[in-house]
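Q: Quick one: structure below, then a few questions.
The values are calculated or read from the model by the stated rules, or taken from the named source; none is laboratory data. Here the structure is a predicted model, which is why all the values come from computation and not from measurement. Neighbour counts run over all protein chains shown; Cβ positions are idealised from the backbone, glycine included. Ligands, DNA and RNA are excluded from the accessible area calculation, which covers all protein heavy atoms including side chains. Shrake-Rupley method; radii C 1.70, N 1.55, O 1.52, S 1.80 Å.
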Amino acid sequence: MKKEKKSENNEQMEKIVAFCKRKGFVFPTCEIYGGFANAYSYGPYGAELKNNIKKLWWKHFVQEREDMVGMDGPILLNPRLWEASGHTEGFNDAMVDCKKCKKRYRADHIVKELTGEDMEGDLAGMTAALQGGLKCPECGASDWTEARNMSQMFKTEMNSFDGPVYLRPETAGAIFVDYKNVIDSMRVKVPFGIAQIGKAFRNEIVARNFIFRIREFEQMEIEYFINPEMAWEDLFEEWLQRQEAFALAIGAKKEDLRRYEHPKAKLSHYSRRTVDLEYNFPFGFNELFGLAHRGDFDLNAHSQATGVKLDYFDATANRRYVPHVIEPTVGLDRLILTAICAAYNEEVVEDETRVVMKFPYAIAPIKIAIFPLLKNKPELVVKAKEVYDMLKSEYMCEFDDNGNIGKRYRRQDEIGTPFCVTVDFDTLEKDDTVTVRDRDTMEQSRIKISDLKNFFSEKF
Ligand code: ATP
């Protein structure tokens, strides 16, 4: 369901975009060339955050489960796969142009924005609505082209292959084509799932709302294979709850999450149920996760296209069948945006505004910052470096000796570092203790250097 609103006038969003650039989380890419296609790079802290979210997802959905395995397939796949899945023919979005100012829109987005009606997929209906007098938000004219479909598939070519090749528009395809290899090489038993994290590419008509809608993004997808005769309703609910639990684990608040049940009449013919988990972004509630029961559509389509049987022998049920799949999917970039929006806090401390990113510890880009009290006292610097060297093999740490301690605390608060460790004169002269300061409570305690590892292993 597509329903984002324009973000241009959204103050909170503007603040977050500027913050992300200033603090090294997310940069508009190719800025020195004037930018490119509303695409973004993850800066040093953004890359850490991204890796931490991936690791946490893998831990939740693969490492801690006996019924899940992972894989990692290519971006360029045999294009016959996309014919069989229906993407070559039918993976389209509708676009429409204002003839006067030439601004291009996603037709269903602009109709929804102007009328509140969801007409996705209904080209004639959208054309009639727009040409019936709706005004272009950019120039105020009512002079529209017809709404027409545009493929979202990115085409490329390969020297060793005749005809177009596509950058995958979703990662799921790579799972289905290797489903048989997984069954043959692993000791998996239905029900089981295959998880994958990787890039997907969609030629979106309009990329917008920062990293929410981009053309090159990462997906974290699972295909969960089940016996077609099993009662799937409880399992579906369990997956919904697992997705919600993961959103909470990266910092989303419960009240900012809601479910959107796709109406039966709008479901694909093969789907029994589809529910989106939406997050309340500064531009409104929008899809973060999707969960779909896809029946045996995919395995059957690939089986028909290749002539290869993709069934499974269920020793417990003593019969062969083509499994049905439940597909939990999420966009990594949308999770990153969720984590950033949820963590961003402004607090007034001693008449000053402190920006603090309250990331859950597991995803904080830097876990511990280490400071010598003064930069021009070599004995403090040497000791602080020793502490840094002791901790850095286990935790992502940062050494900072720039500016006064108050400023260093603020800098670490802004990037969400849970703990700061300061080496001062008492460390050297008295008892080998350091000050450990907590990001959220701002409380400070003295801890012996020899106890630091234990202290942090309890905290993290
Ligand atoms: P939307 O309705 O927002 O376009 P969709 O229903 O087409 O999304 P799916 O095909 O279900 O999306 O893709 C799975 C997940 O991939 C989505 O839940 C979303 O988190 C993510 N995703 C899809 N398109 C994009 C995009 N252009 N940029 C970033 N993430 C995306």
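Q: Which numbered condition trips up GLU352, out of (1) farther than 21 Å from ALA195 by Cα; (2) away from the ligand (no atom under 16 Å from the Cβ); (3) in contact with a strand residue (DSSP E or B) (Cβ under 6 Å, 6 or more places away or on another chain)?
A: That leaves (3) as the condition not met.
Q: Another question about this same structure. Name the residues in the range 201-220 that are within 7 Å of the ligand (Cβ to nearest atom) and either in contact with a His (Cβ under 6 Å, 6 or more places away or on another chain) or in a strand (DSSP E or B) (or both), would you?
A: ARG213, PHE217, GLN219
Q: Quick check, is ILE183 within 16 Å of the ligand (Cβ to nearest atom) and aliphatic (A, V, I, L, M)?
A: no
Q: Go through (1) at pLDDT below 95; (2) within 14 Å of the ligand (Cβ to nearest atom); (3) of a type in the set (Gly, Ala, Ser) for SER160 and report which single condition fails.
A: Among (1) at pLDDT below 95; (2) within 14 Å of the ligand (Cβ to nearest atom); (3) of a type in the set (Gly, Ala, Ser), the lone unmet condition for SER160 is (2).
Q: Now for a different question. Suppose we filter the range 61-93 for residues that are free of Cβ contacts under 8 Å to residues at least 12 places away in the same chain and either of a type outside the set (D, E, K, R) or assigned to a helix (DSSP H, G or I) (or both); how many remain?
A: Residues meeting the conditions: 3.
Q: What pairs come out if I take residues in the range 21-48 that are closer than 15 Å to PHE210 by Cα and pair them with residues that are β-branched (Val, Ile, Thr) and assigned to a strand (DSSP E or B) whose C-beta lies under 7 Å away, six or more apart or interchain?
A: TYR40/VAL26; TYR42/VAL26; GLY43/VAL26; GLY46/VAL26
Q: Same structure, new question: Just wondering, is there one or more residues in the range 240-257 that are more than 10 Å from the ligand (Cβ to nearest atom), open to solvent by less than 20 Å² (accessible area, probe 1.4 Å), over 16 Å from the mean Cα position of the chain (by Cα) and closer than 30 Å to TYR312 by Cβ?
A: Checking the range 240-257: at least one residue is more than 10 Å from the ligand (Cβ to nearest atom), open to solvent by less than 20 Å² (accessible area, probe 1.4 Å), over 16 Å from the mean Cα position of the chain (by Cα) and closer than 30 Å to TYR312 by Cβ.
Q: Does any residue in the range 231-257 that is among the basic types (Lys, Arg) come within less than 9 Å, Cβ to Cβ, of a residue that is not in a helix (DSSP H, G or I) six or more places away or on a different chain, and which pairs are these?
A: ARG242/PRO328; LYS253/ASN280
Q: Here's a follow-up. Restricting the first residue to the range 322-346 and requiring it to be near the ligand (Cβ under 9 Å from one of its atoms), which pairs with a second residue that is assigned to a strand (DSSP E or B) and of a type in the set (Gly, Ala, Ser) meet a Cβ separation below 7 Å and a spacing of at least six or different chains?
A: GLU327/ALA292; THR329/GLY290
Q: Is it the case that ARG294 is among the basic types (Lys, Arg), within 14 Å of the ligand (Cβ to nearest atom) and within 25 Å of the chain's Cα centre (by Cα)?
A: yes
Q: Out of the residues in the range 94-104 that are out of contact with any Cys (no Cβ under 6 Å at 6 or more places or on another chain) and either at pLDDT below 95 or not in a strand (DSSP E or B) (or both), state the one that is least open to solvent (accessible area, probe 1.4 Å).
A: Among those residues, the one meeting the criterion is LYS103.
Here's the yes/no breakdown for (1) closer than 26 Å to ILE194 by Cβ; (2) in contact with a Phe, Trp or Tyr (Cβ under 9 Å, 6 or more places away or on another chain); (3) free of Cβ contacts under 8 Å to residues at least 12 places away in the same chain:
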| site | (1), (2), (3) |
| --- | --- |
| GLY132 | no, no, yes |
| LYS135 | no, no, no |
| GLY140 | no, no, yes |
| ASN149 | no, no, no |
| PHE154 | yes, yes, no |
| VAL177 | yes, no, no |
